[in-house]
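Asks: Sharing a structure, written as structure tokens. Questions coming.
Please treat every number below as a calculation from the coordinates, not as lab data. Model, not experiment: these values are computed from the prediction. No Cβ is skipped: glycine too gets one built from the backbone with ideal geometry, and neighbour counts run over all protein chains shown.
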Amino acid sequence: MNIIKTEVFDIKYNIIKSKRKTLSIIIENNGNIIVRAPKFLSDYEIKKFVFEKRKWIISKLLTIKPIEEKKYIDGEKFLYLGKYYKLITIEGNYGVGIQDNFLYISLKKDFFNNLELKKEMILKWYKNEAKRIINERLKYYSKIMKLTYGKVYMRDQKTRWGSCSGKNNLSFNFRIIMAPMRKIDYIIVHELAHIRYKHHQKTFWDYVEKYCNDYLESKKWFKENGKFLTL
């Protein structure tokens, strides 16, 4: 943990170094600050960069509204494919699913108040749904983009919606299953495009636009709504 003292309050941040060429600051929904930096930069240079951006960081931190943690109680709203569903508990065999405007969780009556069990079941259902839908869309887009990918992983990442490795293995944050389908498609096209272009230069974005002509709208959507994709 690194600390910079400012006129308002101390800024605490973590550094993640990689092969990237530029510096960037990520402020998470809970106020955590991550600085992504090139491997060749010293901690002093990174600290200087953060200090220069301190006013911007402070302004962002002051606007953060904490997202309430899920309680897994009936009536609570859960986001799935861009739509909110009310949680309802019913008696029956163990399972989770969507019916009408409800996200139902079925289990024995003795466990109706077992919130940890409910949380575990709902998380598992979301991850399975993410795996099913993302793999379906990957097959569709990889075919029309004429691209071949490696292994596919479902992650619970804090700062990334997806990634593509040097070996063309793809990773996706399972929480994107809460976004509208068109937004999910953008993430999939984005990562598939990295199989061809390992950068974010104009040629990359031109290629993304070819298969997702509203990608700018999707980028903006995740920036504005990403904090709501929580469980």
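Asks: Could you work out the percent of alpha carbon pairs in the chain separated by over 24 Å, rounded to a whole number? If you can, show how the numbers build up before the last one.
Replies: Details: 14675 of 26565 pairs.
Looking at the chain, the distances longer than 24 Å represent 55 percent of pairs.
Asks: With just the Cα atoms defining each centre, how far is segment 66-81 from segment 1-42? Give it in Å.
Replies: What the calculation gives is 30 Å, centre to centre.
Asks: Still on this model: Suppose only helical runs count, i.e. DSSP H with n ≥ 4. What mean residue ellipticity at 222 nm does that imply for the chain under -39500 (n - 2.57) per run, divided by all residues and rounded to the nearest 500 deg cm²/dmol? Please list the in-between numbers first.
Replies: On the way: 6 runs with 88 residues, N = 231.
After summing the helix terms and dividing by the residues of the chain, the value is -12500 deg cm²/dmol.
Asks: Another question about this same structure. Restricting to Cα pairs below 8 Å that are 6+ residues apart, what does the relative contact order work out to for segment 1-149? Please round to a whole percent. Kindly include the intermediate steps, with their values, before the conclusion.
Replies: On the way: 177 pairs, mean separation 17.4, N = 149.
So the answer I get is 12 percent.
Asks: For segment 2-63, what ratio Rg/Rh do Cα atoms give with a Kirkwood hydrodynamic radius? Can you show the working numbers first?
Replies: Values: Rg = 11.2 Å, Rh = 11.8 Å.
A ratio of 0.95.
Asks: Give the percent of DSSP beta bridges with both residues in segment 65-145 that are antiparallel, rounded to the nearest 5. Before the final figure, lay out the partial values.
Replies: Details: 9 of 15 bridges.
Of those bridges, close to 60 percent are antiparallel.
Asks: Restricting to the chain, compute how many DSSP beta bridges are antiparallel as a %, nearest 5.
Replies: Working: 19 of 34 bridges.
DSSP beta bridges in the chain are roughly 55 percent antiparallel.
Asks: Among Lys143, Lys86, Lys118, which comes first, then next, by fewest other beta-carbon atoms within 10 Å?
Replies: Values: Lys143 9, Lys86 14, Lys118 22.
Taking fewest neighbouring Cβ atoms as first place, the list is Lys143, Lys86, Lys118.
Asks: Further, regarding this structure: Going through the cross-link list Lys131/Lys183; Lys71/Lys124; Lys198/Lys219; Lys119/Lys223; Lys118/Lys227, which pairs have a Cα-Cα distance over 24 Å in this structure? Present the calculation step by step, with values, prior to reporting the outcome.
Replies: Numbers: Lys131/Lys183 16 Å; Lys71/Lys124 16 Å; Lys198/Lys219 18 Å; Lys119/Lys223 26 Å; Lys118/Lys227 22 Å.
Correct reply: Lys119/Lys223.
Asks: As a quick test, which of the pairs Lys5/Lys70; Lys108/Lys151; Lys12/Lys83; Lys139/Lys167 have an alpha carbon distance above 29 angstrom in this structure?
Replies: Lys5/Lys70; Lys108/Lys151; Lys12/Lys83
Asks: Any chance you could tell me what percent of the C-alpha pair distances in segment 98-160 go past 16 Å? Please list the in-between numbers first.
Replies: Details: 1229 of 1953 pairs.
Cα-Cα pairs in segment 98-160 separated by more than 16 Å: 63 percent.
Asks: Any chance you could tell me what percent of the C-alpha pair distances in segment 15-152 go past 19 Å? Intermediate results must be reported in sequence, preceding the final value.
Replies: Values: 6488 of 9453 pairs.
Everything past 19 Å amounts to 69 percent.
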